[in-house]
Amino acid sequence: MEQALRVTLAGQGWSFDAQAPATVLQSAERAGVRLPSSCRNGTCRTCICLSTSGAVRYLIEWPGLSLDEKREGYILPCVAIAVTDLLIEAPAASRLPVPPDSGA
Ligand code: FES
């Protein structure tokens with residue numbers, strides 16, 4: 001199993017583990033962080049965000065990013081898998097509601 005990496009949201013200071021084969025978007029949701037998303041297949045660009053530090057690889061060959069955007073550090077979290085720890089800017093991120101306590 002691949003090692004879990006740490007993704008940190010620069011603005012909010014929240015962070016979560018990202019572990020392949022989960023995408024950055026899936027990893028965020030598992031950790032209770034909602035990032036903007038729509039198509040979830042790398043075409044609509046709803047999820048685009050700036051990664052100021054770190055590297056990702058993509059599930060698909062041509063994620064909907066221009067070469068310039070890639071160079072500037074933009075990523076599409078719905079199809080991106082972290083390959084290093086990441087620092088990302090996602091001002092529209094929110095916390096998912098905590099599920100009601102099943103026990104106590
Ligand atoms: S949700 Fe559409 S490109 Fe990521």
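The values are calculated or read from the model by the stated rules, or taken from the named source; none is laboratory data. Computed from a predicted structure; not experimentally measured. Cβ coordinates were reconstructed from backbone atoms using ideal geometry, including for glycine residues, and neighbour counts include every protein chain displayed. Side chains are part of the model used for accessible areas, which takes the heavy atoms of the whole protein and leaves out ligands, DNA and RNA. Shrake-Rupley method; radii C 1.70, N 1.55, O 1.52, S 1.80 Å.
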* Structure fact -> Scanning the range 42-57 for residues that are under 13 Å from the mean Cα position of the chain (by Cα) and more than 18 Å from D85 (Cβ to Cβ), the one farthest from the ligand (Cβ to nearest atom) turns out to be I48
* Residue under evaluation R6, criteria (1) more than 10 Å from the ligand (Cβ to nearest atom); (2) open to solvent by 80 Å² or more (accessible area, probe 1.4 Å); (3) out of contact with any strand residue (DSSP E or B) (no Cβ under 6 Å at 6 or more places or on another chain), criterion not met -> (3)
* **Matching residues, the range 18-41, being more than 10 Å from the chain's Cα centre (by Cα) and more than 9 Å from the ligand (Cβ to nearest atom)** => Q19, A20, P21, R30, A31, G32
* Any idea how many residues of the range 67-84 are within 14 Å of the ligand (Cβ to nearest atom) and exposed (fewer than 11 other Cβ atoms within 10 Å of the Cβ)? -> 0
* Asked: So R57 clears everything in (1) under 28 Å from P97 (Cβ atoms); (2) outside any loop (DSSP other than H, G, I, E, B); (3) open to solvent by 50 Å² or more (accessible area, probe 1.4 Å) except one condition, right? Which one?
  -> (1)
* Structure fact -> Of the candidates G32, G64, the one satisfying the condition of being of a type in the set (G, A, S), surrounded by 14 or more Cβ atoms within 10 Å (Cβ to Cβ), within 16 Å of S15 (Cβ to Cβ) and touching a Leu at 6+ places or on another chain (Cβ under 7 Å) is G32
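Being β-branched (V, I, T) and in a loop (DSSP other than H, G, I, E, B), is that true of even one residue in the range 21-41?
Looking for residues that are β-branched (V, I, T) and in a loop (DSSP other than H, G, I, E, B), one finds at least one in the range 21-41, hence yes.
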